[in-house]
Amino acid sequence: MDIMTSVGLTAGIIVIVTMVLMGGDLHMFVSEHAMIIIFGGSISATMIRFPLSALLHGLPLGAKFAFTMSRLSAHDLVDELARIAEIARKQGPVGLEKVETDEPFLAKGIRYVADGYDLDFIRDNLERDRDNFLMHLDEGSKIYRAIGDCAPAFGMIGTLIGMVQMFANMTDPSKLGPFMATALLATLYGALVANLFCLPIADKLHGKLLDEETNRTLIIDGILMIRDSKSPTLVREMLLAYLPEKHRHAEGEPVPA
């Protein structure tokens, strides 16, 4: 689980609720009209921007990856692929049938090698799988960003509607307060939805996309080298190029100046 996402959201909610309770109660910050304009308007505009297939893939995948971490880091993947290369060198492709891993994409590549598929087949299938996954994750990031862009705008629309209603009822002072509250709460809801939820999640998904692209490309190259019977040492050295310089060395090993 990605602790930072959960901690950040929880901390943000606590800050907002604390500020609300310091000046009154939660009831005065609840407005059905503001909720309708923010959530209804933002969702409607997002449905216009994206096809149904993108929404069905992007929203759940984005929500999942915003709160989860990759099972293996890039450095762990290098070690894992070097270990698998050692098994393949000693036992041949058949020995890979008993290899277990927590990374599904890596497990698929190992199965291809164990089953004896040729290099072109393995490369094409793994690259297609990677590209489809990254496309859906990118769609998720764009959808959450689109909602984050729409929410403040619809908050302003809600504010304008509330102001029009307020000025249209200037002769009835009892209606001025509720209309003004609705107007201000629409802006508040829009800002919260955008800046506490949707835009941070969109940025988190973009970072996860870059990490997943690196990890899956690393796996593809490693699997292809194992299929080509490269030595474990060569596999490790070639894959270490994917890591930042400071992460290419084992713990306790000095980093070259």
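Size of the range 1-125: Rg and Dmax of its alpha carbons, in Å, are 24.1, 71.
Taken along the Cα-to-beta-carbon direction at a fixed 7 Å, the label points for THR214 and LEU119 span 2.7 nm.
Rounded to the nearest 20 debye, the dipole size of the range 1-89 about its Cα centre is 240 debye, using +1 on the Cβ of Lys and Arg and -1 on the Cβ of Asp and Glu.
If you run the Gaussian network model on the chain, springs between alpha carbon atoms under 10 Å, then out of MET47, MET170, MET69 the most flexible one is MET170. Rg and Dmax of the chain, based on Cα coordinates, read 25.7, 90 Å.
The portion of the accessible surface of the chain made up by carbon and sulfur, rounded to a whole percent, is 64 (1.4 Å probe; DNA, RNA and ligands excluded). Our estimate of slack between GLU245 and GLN91, defined as 0.36 nm per intervening residue step minus the Cα-Cα distance, is 52.2 nm. Counting only Cβ charges, +1 for Lys and Arg and -1 for Asp and Glu, the dipole size of the chain around its Cα centre is about 320 debye. Among complete DSSP H helices in the chain, those whose alpha-carbon atoms stretch at least 30 Å along the helix's long axis and whose mean Kyte-Doolittle hydropathy reaches -1.0 are 119-168, 199-227. Averaging the sequence gap over all C-alpha pairs within less than 8 Å and six or more residues apart, then dividing by the number of residues, gives the chain a relative contact order of 31 percent. For SER44, the solvent-accessible surface with a 1.4 Å probe is about 60 Å², rounded to the nearest 10. Ranking PRO173, LEU134, ALA183 by how far each Cα lies toward the positive end of the dipole of the range 117-257 (charges on Cβ) leaves PRO173 at the top. Positive-end ranking of TYR112, PRO244, ILE38 along the dipole of the chain, with charges on Cβ about the Cα centre, is headed by ILE38. Protein heavy-atom accessible surface, 1.4 Å probe, per residue over the range 100-257: 53 Å². When the chain is treated as a GNM with alpha-carbon contacts under 10 Å, the residue of THR233, THR214, THR46 showing the greatest mean-square fluctuation is THR233. Computed over protein heavy atoms with a 1.4 Å probe, the accessible surface of the range 1-91 works out to 63 Å² per residue. Count Lys and Arg as plus one, Asp and Glu as minus one, and take only other residues whose Cβ is under 10 Å from that of ARG123; the net charge is then -3. Only Cα pairs within less than 10 Å get springs; with that Gaussian network setup on the chain, which residue of GLY190, GLY62, GLY162 has the largest fluctuation? Most flexible of the set in this elastic network: GLY162. Stretching the chain fully between THR10 and ILE48 yields a gain of 10.6 nm (0.36 nm per residue, less the alpha carbon separation). Where Lys and Arg each count +1 and Asp and Glu each count -1, what net charge lies around ASP76 among other residues with Cβ under 11 Å from its Cβ? So the environment of ASP76 carries a net charge of -2.
Around VAL94, under 13 Å between beta carbons, what's the net of Lys plus Arg minus Asp minus Glu among the other residues? So the environment of VAL94 carries a net charge of +2.
The values are calculated or read from the model by the stated rules, or taken from the named source; none is laboratory data. Remember, predicted model here, so these are calculated numbers, not experimental data. Using ideal geometry, Cβ is built from the backbone for each residue, glycine included, and neighbour counts are taken over all protein chains shown. Side chains are part of the model used for accessible areas, which takes the heavy atoms of the whole protein and leaves out ligands, DNA and RNA. Shrake-Rupley method; radii C 1.70, N 1.55, O 1.52, S 1.80 Å.
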